[in-house]
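Engineer: Structure provided below as structure tokens; questions to follow.
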Amino acid sequence: MRSFALLLWLLASNIIAAESIKLTNGEWPPYLGEKLAHYGVASRIVGEAFALEGIEVAWEFHPWARSLQLAESGKRDGSAVWLYSAEREQQFFISDPVIESGYYLFHRKNHNFDWQSIDDLRQQRIGGTRSYDYGDAFQHAEASGHLRVKRFTSDELNFRQLLAGRIDLFPMDKVVGFDLLHQHFSPAERALLSFHPKPLRTDNLHLLLSRQTPGNADLMKRFNRGLAQLRASGRVSQYLLEIQQPLSQRR
């Protein structure tokens, strides 16, 4: 009788384990963050897509390199959210797009300019954040000296340089930029800034599930199915609109 009870307990434990997943994450407000509501909007989308398939997500927050390494080695099931690359596809199952990141050129409203190609930016004083990749065309033009780019230690410092008139343009993910401006700058300061409607780069960001973990191929199919259902319900669009509002107006 005891052995039968033990067998039932082991079977139940395996069922529970199969319906939960451990994912790593990092800090990129308002998309991702340990102290954010729902752990950020990207985490919310991932979590709710899995929930529609009966799977519960346990999040762990680490520095980005550590998050990726834990997932790649199979010590965690996966990580969110990342750019696609052919190299990553060798190590991970890569989901359908979770969110789209669009980098735009922020500027002072009294600084009029237009651009269609990187060459049009050659006379502009451009700020950037150290270690950030602003796209192949930008990176190559910066490396060759065709663009005048000064790198600073943080996005916030770039915005302060922009407001002070020490740089003319600053490329930034629009949603992340709005969030940072609402958190760290006054309404009067925010009123001085705008952004050009042409994106510098746009990228889809994805959930990665390790190829080292048995069952992840099936979990990815279920996640994509849940994500499609969540998107069709309108909730993904709703959540992305909500995070572009001031903090006091978010749910």
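Engineer: Select, from S79, S101, the only residue that is modelled with pLDDT of 95 or more, outside any loop (DSSP other than H, G, I, E, B), of a type outside the set (V, I, T) and within 16 Å of the chain's Cα centre (by Cα). Show your work before the answer.
Structural biologist: Details: S101 fails: modelled with pLDDT of 95 or more.
Among S79, S101, only S79 is modelled with pLDDT of 95 or more, outside any loop (DSSP other than H, G, I, E, B), of a type outside the set (V, I, T) and within 16 Å of the chain's Cα centre (by Cα).
Engineer: Restricting the search to segment 117-132, which residues are more than 19 Å from F195 (Cβ to Cβ) and outside any helix (DSSP H, G or I)?
Structural biologist: Of the residues in segment 117-132, the ones more than 19 Å from F195 (Cβ to Cβ) are 119, 122, 130-131.
The answer is R122, R130, S131.
Engineer: For the structure I just gave you, tell me whether E72 is open to solvent by 60 Å² or more (accessible area, probe 1.4 Å), touching a Phe, Trp or Tyr at 6+ places or on another chain (Cβ under 8 Å) and closer than 25 Å to L205 by Cβ.
Structural biologist: On the way: open to solvent by 60 Å² or more (accessible area, probe 1.4 Å): yes; touching a Phe, Trp or Tyr at 6+ places or on another chain (Cβ under 8 Å): yes; closer than 25 Å to L205 by Cβ: yes.
Taking the combined requirement at face value, the residue satisfies it.
Engineer: For the structure I just gave you, tell me whether S233 is farther than 21 Å from L83 by Cα, exposed (fewer than 13 other Cβ atoms within 10 Å of the Cβ), more than 23 Å from the chain's Cα centre (by Cα) and free of Cβ contacts under 8 Å to residues at least 12 places away in the same chain. Spell out how you get there, then give the answer.
Structural biologist: Numbers: farther than 21 Å from L83 by Cα: yes; exposed (fewer than 13 other Cβ atoms within 10 Å of the Cβ): yes; more than 23 Å from the chain's Cα centre (by Cα): no; free of Cβ contacts under 8 Å to residues at least 12 places away in the same chain: yes.
Criteria not met by S233.
Engineer: Which residues, counting only those in segment 180-220, are touching a residue at least 60 places away in the same chain (Cβ under 8 Å), in contact with an Asp or Glu (Cβ under 8 Å, 6 or more places away or on another chain) and of a type outside the set (S, T, N, Q)?
Structural biologist: L180, H196, D203, L205, H206, L209, L219
Engineer: Let me ask another. Of all residues in segment 129-182, which are of a type in the set (V, I, T) and either modelled with pLDDT of 95 or more or open to solvent by 20 Å² or more (accessible area, probe 1.4 Å) (or both)?
Structural biologist: Taking segment 129-182 first, the residues of a type in the set (V, I, T) are 129, 149, 153, 167, 175-176.
Selection gives T129, V149, T153, I167.
Engineer: Any residue at all in segment 224-235 that is among the hydrophobic types (A, V, I, L, M, F, W, C) and in contact with a strand residue (DSSP E or B) (Cβ under 7 Å, 6 or more places away or on another chain)?
Structural biologist: Looking only at segment 224-235, we keep the residues that are among the hydrophobic types (A, V, I, L, M, F, W, C), and these are 227-228, 230, 232.
Next cut, in contact with a strand residue (DSSP E or B) (Cβ under 7 Å, 6 or more places away or on another chain) only: none.
Checked segment 224-235: no residue is among the hydrophobic types (A, V, I, L, M, F, W, C) and in contact with a strand residue (DSSP E or B) (Cβ under 7 Å, 6 or more places away or on another chain).
The values are calculated or read from the model by the stated rules, or taken from the named source; none is laboratory data. Nothing here was measured: the structure is a model prediction, and the numbers come from that model. Using ideal geometry, Cβ is built from the backbone for each residue, glycine included, and neighbour counts are taken over all protein chains shown. Surface areas here come from the heavy atoms of the whole protein model, side chains and all, with no ligands, DNA or RNA. Shrake-Rupley method; radii C 1.70, N 1.55, O 1.52, S 1.80 Å.
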